[in-house]
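The values are calculated or read from the model by the stated rules, or taken from the named source; none is laboratory data. A quick note: this is a predicted structure, and the numbers were derived from the prediction, not measured. Neighbour counts are summed over all protein chains in view; Cβ atoms, including those assigned to glycine, are modelled from backbone coordinates with ideal geometry. Surface accessibility is based on the protein's heavy atoms, side chains included, excluding ligands, DNA and RNA. Shrake-Rupley method; radii C 1.70, N 1.55, O 1.52, S 1.80 Å.
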Amino acid sequence: MYNSSYADVLADTTQHNRAMERRAIERSIELLHIAQAKGGGSAEATQAVDFLMRLWSIILEDLAKPDNQLPPALRASLISIGLWIMGEAEQIRLGASTNFSGVIDVSTTIADGLA
């Protein structure tokens, strides 16, 4: 009985964490849509890029931890995606790109995968 309850708690915690991650990514998508409408040099673009960079810094830090429970191949793929997103965000911040759509599309795919 104790093991069953503990397993339930772990499952609930995992689902809760995935839901929180999804909400954070969905928030970044909302900010990116607003930024895209306002333009690359706007305050909204700065806010979206800052949020995106902070979010992916946290995600990448978690993925790099040795005790991360995701399979190594998935972790490696997510790290590559995260680095790409951060690179695109930096290009937007510098005014060298307006690739909001690409970042939105990839972020949407990741959020959908967390559902």
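A few remarks follow.
- Lone qualifier among 110, 104, 58 - being of a type outside the set (Ser, Thr, Tyr), out of contact with any Phe, Trp or Tyr (no Cβ under 9 Å at 6 or more places or on another chain), surrounded by fewer than 16 Cβ atoms within 10 Å (Cβ to Cβ) and closer than 19 Å to residue 20 by Cα: 58
- The one condition in (1) within 11 Å of the chain's Cα centre (by Cα); (2) open to solvent by 50 Å² or more (accessible area, probe 1.4 Å) that residue 80 fails to fulfil: (1)
- Test: residue 33 is open to solvent by 80 Å² or more (accessible area, probe 1.4 Å), at pLDDT 95 or above and under 21 Å from residue 115 (Cα atoms): yes
- Those residues of segment 83-101 which are touching a residue at least 24 places away in the same chain (Cβ under 8 Å) and either more than 17 Å from residue 35 (Cβ to Cβ) or open to solvent by 50 Å² or more (accessible area, probe 1.4 Å) (or both), in sequence order: 90, 93, 95, 98, 101
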